[in-house]
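J.: This structure is in C-alpha coordinates; I'll ask about it shortly.
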Amino acid sequence: MAGFSRRLAACLHTGQLALLAILVSGGIVLQILACALYNNWWPMLTALMYIMLPMPLLFFMGSNSSSLMSSEGDGWANLTKFLTGFSVIGSIAIPSILKHANLIGWGALVMELSSFAIFGIAIVWLLVMNNQDEYNFF
(Lines give C-alpha, C1' and ligand atoms only; values in the text may rest on other atoms or scores of the structure.)
Protein backbone atom coordinates (compact mmCIF):
# COMPACT_ATOMS: atom_id res chain seq x y z
CA MET A 1 0.00 0.00 0.00
CA ALA A 2 2.90 2.38 0.71
CA GLY A 3 4.21 1.84 -2.83
CA PHE A 4 0.83 2.81 -4.26
CA SER A 5 0.71 6.10 -2.37
CA ARG A 6 4.29 6.88 -3.37
CA ARG A 7 3.42 6.32 -7.05
CA LEU A 8 0.28 8.42 -6.69
CA ALA A 9 2.26 11.25 -5.11
CA ALA A 10 4.84 11.08 -7.92
CA CYS A 11 2.02 11.28 -10.48
CA LEU A 12 0.50 14.31 -8.75
CA HIS A 13 3.85 16.09 -8.62
CA THR A 14 4.37 15.44 -12.32
CA GLY A 15 0.94 16.95 -12.94
CA GLN A 16 1.95 20.07 -11.01
CA LEU A 17 5.01 20.48 -13.20
CA ALA A 18 2.86 19.99 -16.29
CA LEU A 19 0.39 22.62 -15.07
CA LEU A 20 3.24 25.06 -14.51
CA ALA A 21 4.54 24.43 -18.05
CA ILE A 22 1.05 24.87 -19.52
CA LEU A 23 0.57 28.17 -17.67
CA VAL A 24 3.88 29.59 -18.88
CA SER A 25 3.33 28.48 -22.47
CA GLY A 26 -0.24 29.87 -22.39
CA GLY A 27 1.11 33.24 -21.25
CA ILE A 28 3.65 33.24 -24.07
CA VAL A 29 0.98 32.34 -26.63
CA LEU A 30 -1.27 35.18 -25.44
CA GLN A 31 1.66 37.58 -25.63
CA ILE A 32 2.39 36.62 -29.23
CA LEU A 33 -1.29 36.58 -30.21
CA ALA A 34 -1.75 40.10 -28.85
CA CYS A 35 0.86 41.19 -31.38
CA ALA A 36 0.12 38.91 -34.34
CA LEU A 37 -3.69 39.15 -34.44
CA TYR A 38 -3.69 42.93 -34.57
CA ASN A 39 -0.59 43.20 -36.80
CA ASN A 40 1.03 45.51 -34.27
CA TRP A 41 4.21 44.52 -32.46
CA TRP A 42 4.30 47.33 -29.89
CA PRO A 43 2.88 45.08 -27.14
CA MET A 44 6.06 43.00 -27.33
CA LEU A 45 7.68 45.70 -25.17
CA THR A 46 5.99 43.98 -22.24
CA ALA A 47 8.18 40.94 -22.86
CA LEU A 48 11.05 42.87 -21.26
CA MET A 49 9.11 42.96 -18.02
CA TYR A 50 8.22 39.27 -18.33
CA ILE A 51 11.92 38.50 -18.60
CA MET A 52 12.56 40.50 -15.43
CA LEU A 53 9.61 38.99 -13.53
CA PRO A 54 11.27 35.70 -12.42
CA MET A 55 14.65 37.32 -11.74
CA PRO A 56 13.80 38.55 -8.22
CA LEU A 57 12.84 35.02 -7.25
CA LEU A 58 16.27 33.85 -8.31
CA PHE A 59 17.82 36.56 -6.13
CA PHE A 60 15.61 35.70 -3.17
CA MET A 61 16.38 32.00 -3.25
CA GLY A 62 19.91 32.82 -2.06
CA SER A 63 18.58 34.82 0.89
CA ASN A 64 18.42 33.73 4.52
CA SER A 65 14.95 35.24 5.02
CA SER A 66 12.04 32.88 5.35
CA SER A 67 9.40 34.85 3.47
CA LEU A 68 8.97 37.75 1.11
CA MET A 69 6.14 38.98 3.33
CA SER A 70 8.31 39.46 6.42
CA SER A 71 9.23 43.02 7.40
CA GLU A 72 12.81 42.12 8.25
CA GLY A 73 15.08 41.14 5.45
CA ASP A 74 18.57 41.33 4.20
CA GLY A 75 19.70 43.12 1.06
CA TRP A 76 18.57 40.32 -1.25
CA ALA A 77 15.06 40.29 0.15
CA ASN A 78 14.75 44.07 -0.22
CA LEU A 79 16.11 43.92 -3.78
CA THR A 80 13.62 41.15 -4.53
CA LYS A 81 10.70 43.22 -3.28
CA PHE A 82 11.82 46.27 -5.27
CA LEU A 83 12.37 44.39 -8.55
CA THR A 84 9.12 42.48 -8.20
CA GLY A 85 7.21 45.72 -7.70
CA PHE A 86 9.00 47.34 -10.63
CA SER A 87 8.25 44.48 -13.00
CA VAL A 88 4.62 44.17 -11.88
CA ILE A 89 3.95 47.89 -12.36
CA GLY A 90 5.81 47.86 -15.68
CA SER A 91 3.86 44.84 -16.93
CA ILE A 92 0.59 46.63 -16.32
CA ALA A 93 1.73 50.15 -17.24
CA ILE A 94 3.33 49.45 -20.63
CA PRO A 95 0.16 48.08 -22.31
CA SER A 96 -1.97 50.75 -20.60
CA ILE A 97 0.28 53.53 -21.88
CA LEU A 98 0.31 52.02 -25.36
CA LYS A 99 -3.50 51.91 -25.34
CA HIS A 100 -3.70 55.50 -24.07
CA ALA A 101 -1.45 56.58 -26.95
CA ASN A 102 -3.72 54.66 -29.38
CA LEU A 103 -0.85 52.45 -30.49
CA ILE A 104 -2.76 49.26 -29.63
CA GLY A 105 -6.43 48.33 -29.54
CA TRP A 106 -8.65 47.08 -26.75
CA GLY A 107 -8.25 43.46 -27.80
CA ALA A 108 -4.46 43.63 -27.60
CA LEU A 109 -4.71 45.32 -24.20
CA VAL A 110 -6.97 42.57 -22.84
CA MET A 111 -4.67 39.87 -24.19
CA GLU A 112 -1.62 41.58 -22.68
CA LEU A 113 -3.24 41.88 -19.26
CA SER A 114 -4.47 38.27 -19.47
CA SER A 115 -0.94 37.17 -20.28
CA PHE A 116 0.30 39.06 -17.24
CA ALA A 117 -2.30 37.38 -15.01
CA ILE A 118 -1.31 33.94 -16.29
CA PHE A 119 2.38 34.64 -15.67
CA GLY A 120 1.51 35.85 -12.17
CA ILE A 121 -0.40 32.65 -11.44
CA ALA A 122 2.56 30.61 -12.73
CA ILE A 123 4.96 32.44 -10.41
CA VAL A 124 2.67 31.93 -7.41
CA TRP A 125 2.39 28.26 -8.36
CA LEU A 126 6.19 28.04 -8.49
CA LEU A 127 6.39 29.53 -4.99
CA VAL A 128 3.84 27.02 -3.69
CA MET A 129 5.74 24.15 -5.28
CA ASN A 130 9.03 25.43 -3.89
CA ASN A 131 7.64 25.34 -0.34
CA GLN A 132 6.99 21.62 -0.68
CA ASP A 133 9.83 19.36 0.45
CA GLU A 134 9.84 17.27 -2.74
CA TYR A 135 10.29 20.33 -4.98
CA ASN A 136 13.09 22.45 -3.68
CA PHE A 137 14.30 23.96 -6.95
CA PHE A 138 16.92 26.28 -5.54
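The values are calculated or read from the model by the stated rules, or taken from the named source; none is laboratory data. Just so it is clear, the structure is predicted and the values come from calculations on it, not from any experiment. Don't worry about glycine lacking a Cβ; one is built from the backbone with ideal geometry, like all the others, and counts go over all protein chains shown. Side chains included, ligands, DNA and RNA excluded: accessible areas come from the protein's heavy atoms. Shrake-Rupley method; radii C 1.70, N 1.55, O 1.52, S 1.80 Å.
J.: Please count how many residues of the range 46-58 are touching a residue at least 40 places away in the same chain (Cβ under 8 Å) and open to solvent by less than 70 Å² (accessible area, probe 1.4 Å).
T.: Looking only at that region, the number is 6.
J.: Is there any pair with a first residue in the range 16-34 that is free of Cβ contacts under 8 Å to residues at least 60 places away in the same chain and on the phi > 0 side of the Ramachandran plot and a second that is surrounded by 13 or more Cβ atoms within 10 Å (Cβ to Cβ) and not basic (Lys, Arg) whose Cβ atoms are under 8 Å apart and which are 6 or more apart or on different chains, and what are they?
T.: Taking only residues 6 or more apart or on different chains, not a single pair turns up.
J.: Identify the single condition in (1) surrounded by fewer than 16 Cβ atoms within 10 Å (Cβ to Cβ); (2) modelled with pLDDT of 90 or more; (3) not aliphatic (A, V, I, L, M) that Phe116 does not satisfy, given that it satisfies every other one.
T.: (1)
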